[in-house]
Amino acid sequence: MINKIDGNAIIYCEGAFHTTYGKTAHGLIRFSERYKILSVIDSENAGIDSGFFLSGKPNGIPILPNLQTALEQAQKSGETATHFVIGLAPDGGKLDDGARETVIQAIKCGLNVDSGLHDFLSEDAEIVQIAKEKNIKIRDVRKPLRRDELHFFEGKIEQVKSIKVAILGTDSAVGKRTTARILCNALERKGYSAEFIGTGQTAWLQGARYGFILDSTINDFVAGEIEHATWSAWNDKHPDFIIIEGQGSLMNPAYPGGFEILAAARPEVIILQHAPARIDYDGFPGYPLHPVEKQIQAIEIISGKKVGAITINHENISTNRVKTACDIIRKKTNLPVVDLTIDSADEIVDLLVGFID
């Protein structure tokens with residue numbers, strides 16, 4: 001958790017809030033300690049409360065059609081927008097022409113810009129010049145750290161006495177970070193201390209105290225950065241639990257992830273996030289999602305640990321069918337199966353607490 005917010009943010013998610021490419025915006029709507037979120041820009045979904053759109057529960061953060069409307073709305077509500085945050089997470093982290101033009105508009109309107117894309121705004125000469133003229137700050141969250149700022153794996157993970165919980169997934173953009181956040185909060189409500197380790201740009205934008213951005217880190221240092229973030233949380237706070245956000249999935253053709261977390265963090269518990277209604281890997285038609293049982297088998301072979309539970313993402317499953325979906329997976333795997341965005345986290349919390357002794 002950060003001690004003071006950076007400012008009031010308008011989130012840009014044009015044409016994507018209803019898709020997995022809007023996952024950064026979704027994460028910021030659900031949880032943000034870095035900004036106070038004023039609104040979301042997406043003309044295709046304008047007029048809807050963003051919380052109602054995501055979970056059926058209004059949160060007072062509107063989806064608006066454009067930047068001008070968002071600025072006017074902020075003024076009417078007595079707020080001053082200070083930040084323009086790109087809430088898009090497209091394949092390859094590319095900035096399209098429409099988004100670039102809106103970034104330029106935002107800078108001209110006096111908004112600082114934060115981006116988690118791989119296309120760096122700070123390397124766009126026109127954007128840099130306009131930002132300089134307007135005295136605006138640009139932050140490219142995914143810009144790699146210098147080599148002398150990175151950590152190599154050294155074995156200090158063995159000093160960590162917290163229960164380490166890895167939230168892995170059967171696919172990318174499946175809800176691993178959201179599950180990690182929910183579990184941290186649920187543990188704290190039960191009187192246990194928990195620290196979250198972020199491993200992606202959205203976690204940084206949310207204000208994660210500990211972590212790094214895995215997909216912009218030189219491969220030789222990924223394990224070391226996982227270890228260092230986890231060790232730092234232990235060294236600073238000595239929490240009961242450390243919850244580590246996974247990236248991608250072991251068998252994902254474009255975003256193979258999880259190996260490094262299993263190897264470097266050496267978790268005591270693995271929770272697997274799964275979207276039962278997905279047929280193919282997200283964004284890759286023709287690449288069928290491996291069955292959850294196969295993915296569990298792969299994780300357990302690599303880690304030498306048993307998967308403790310499955311948490312599900314109910315995309316494309318009606319609310320009244322979620323229990324049935326959970327029951328089917330429970331019968332297949334003999335594991336606890338819960339949709340944490342709908343149901344209580346108590347079953348998973350009880351499982352985790354059982355590892356303390």
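From the list Asp236, Asp280, which one is closer than 24 Å to Val338 by Cα and more than 19 Å from the chain's Cα centre (by Cα)? Answer to the check: Asp280.
Consider the stretch 130-159 and keep the residues that are within 24 Å of the chain's Cα centre (by Cα) and in a helix (DSSP H, G or I). The one that is surrounded by the fewest Cβ atoms within 10 Å (Cβ to Cβ) is Glu149.
Every condition in (1) in a loop (DSSP other than H, G, I, E, B); (2) out of contact with any Gly (no Cβ under 9 Å at 6 or more places or on another chain); (3) buried (at least 24 other Cβ atoms within 10 Å of the Cβ) holds for Ile243 except the one numbered (1). There is no residue in the stretch 79-86 that is within 19 Å of Ala203 (Cα to Cα), under 24 Å from the mean Cα position of the chain (by Cα), surrounded by 14 or more Cβ atoms within 10 Å (Cβ to Cβ) and modelled with pLDDT under 95. Only one entry of Glu293, Glu347 meets the criterion of being touching a residue at least 24 places away in the same chain (Cβ under 8 Å) and either in contact with a Lys or Arg (Cβ under 9 Å, 6 or more places away or on another chain) or over 29 Å from Ala264 (Cβ atoms) (or both), and that entry is Glu293. Do we have any residue at all in the stretch 251-268 that's in contact with a Pro (Cβ under 8 Å, 6 or more places away or on another chain) and under 24 Å from Gly93 (Cβ atoms)? The answer is yes, given that some residue of the stretch 251-268 is in contact with a Pro (Cβ under 8 Å, 6 or more places away or on another chain) and under 24 Å from Gly93 (Cβ atoms). Inspect the stretch 283-306 for any residue being under 22 Å from the mean Cα position of the chain (by Cα), surrounded by fewer than 19 Cβ atoms within 10 Å (Cβ to Cβ) and assigned to a strand (DSSP E or B) and give the result as yes or no. No: the stretch 283-306 contains no residue that is under 22 Å from the mean Cα position of the chain (by Cα), surrounded by fewer than 19 Cβ atoms within 10 Å (Cβ to Cβ) and assigned to a strand (DSSP E or B).
Just to be sure before I move on: is Ile302 in the same structural domain as Arg177 (by TED's automatic domain parsing) and touching a helix residue (DSSP H, G or I) at 6+ places or on another chain (Cβ under 8 Å) in the structure I sent? Considered against the rule, which asks whether it is in the same structural domain as Arg177 (by TED's automatic domain parsing) and touching a helix residue (DSSP H, G or I) at 6+ places or on another chain (Cβ under 8 Å), Ile302 comes out as yes. Looking across Ser55, Ser50, one residue alone is surrounded by fewer than 20 Cβ atoms within 10 Å (Cβ to Cβ), within 24 Å of Gln201 (Cα to Cα) and within 26 Å of the chain's Cα centre (by Cα). It is Ser55.
Checked against the criterion of being in contact with a Lys or Arg (Cβ under 9 Å, 6 or more places away or on another chain) and more than 26 Å from Val292 (Cα to Cα), the candidates Asp171, Asp236 yield just one match: Asp236.
Within the stretch 116-129, restricting attention to residues that are crowded, with 17+ Cβ neighbours inside 10 Å and more than 13 Å from Pro144 (Cα to Cα), the residue that is nearest to the chain's Cα centre (by Cα) is Leu121.
The values are calculated or read from the model by the stated rules, or taken from the named source; none is laboratory data. No experiment lies behind these values; they were computed from the predicted model shown. Positions of Cβ are generated from backbone atoms using ideal geometry, with glycine treated the same way; all protein chains shown enter the neighbour counts.
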